[in-house]
Amino acid sequence: MHYPHHYVSHHHQHMYELCKMHMHANVVAKLNDGTEINGIITGLDQKNVYLSVPNVGYEPIERGAPPFGYGYPYPWGYGPGAGFRRLVLPLTALVALSALPWY
């Protein structure tokens with residue numbers, strides 16, 4: 001689907017402002033492919049939003065295998081076991097952002 005440039009520009013700015021308003025908040029990010037990702041916004045720039053996402057369902061990688069997955073090719077934050085990893089999402093991929101309560 002193609003959108004006029006002014007719509008894309010406005011939507012991008014709107015997503016940027018939403019992310020800025022929810023910095024360090026627990027959120028659900030909905031992507032243009034329908035994927036929903038839970039995470040904590042840890043950073044933001046004009047192109048990307050940076051999330052800390054839980055290692056839920058993480059399986060240890062085989063010895064010698066590269067750590068592909070969320071955030072590839074950004075390997076920092078990876079490793080076996082529980083915890084969090086970093087996910088970098090382009091703002092243009094976001095269609096919605098909702099704050100979640102802290103439990």
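Of all residues in the stretch 51-66, at least one satisfies being among the aliphatic types (A, V, I, L, M) and at pLDDT 90 or above.
Can you tell me which residue in the stretch 14-36 is surrounded by the most Cβ atoms within 10 Å (Cβ to Cβ), limited to those that are outside any helix (DSSP H, G or I) and among the aliphatic types (A, V, I, L, M)?
Residues of the stretch 14-36 outside any helix (DSSP H, G or I): 22-36.
The next check asks that each one be among the aliphatic types (A, V, I, L, M); those that pass are 23, 25, 27-29, 31.
Values: Met23: 13, Ala25: 16, Val27: 22, Val28: 13, Ala29: 25, Leu31: 14.
Only one residue fits best here, namely Ala29.
Which one is modelled with the highest pLDDT, of the residues in the stretch 79-93 that are over 20 Å from Tyr16 (Cβ atoms) and under 15 Å from the mean Cα position of the chain (by Cα)?
Of the residues in the stretch 79-93, the ones over 20 Å from Tyr16 (Cβ atoms) are 79-85.
Subsequent filtering for residues that are under 15 Å from the mean Cα position of the chain (by Cα) retains 84-85.
Values: Phe84: 87, Arg85: 90.
Residue satisfying both the conditions and the ranking: Arg85.
Only a single item in (1) modelled with pLDDT of 90 or more; (2) surrounded by 14 or more Cβ atoms within 10 Å (Cβ to Cβ); (3) not polar (S, T, N, Q) is not met by Ala96, and it is number (2).
Taking the stated definitions as given, is Gly39 at pLDDT below 95 and part of a loop (DSSP other than H, G, I, E, B)? Write out each step before concluding.
On the way: at pLDDT below 95: yes; part of a loop (DSSP other than H, G, I, E, B): no.
Here the answer is no, as Gly39 does not meet what is asked.
The values are calculated or read from the model by the stated rules, or taken from the named source; none is laboratory data. Computed from a prediction, not measured in an experiment: that's the story for all the values here. Glycine gets a Cβ as well: all are built from the backbone with ideal geometry, and neighbour counts include every protein chain shown.
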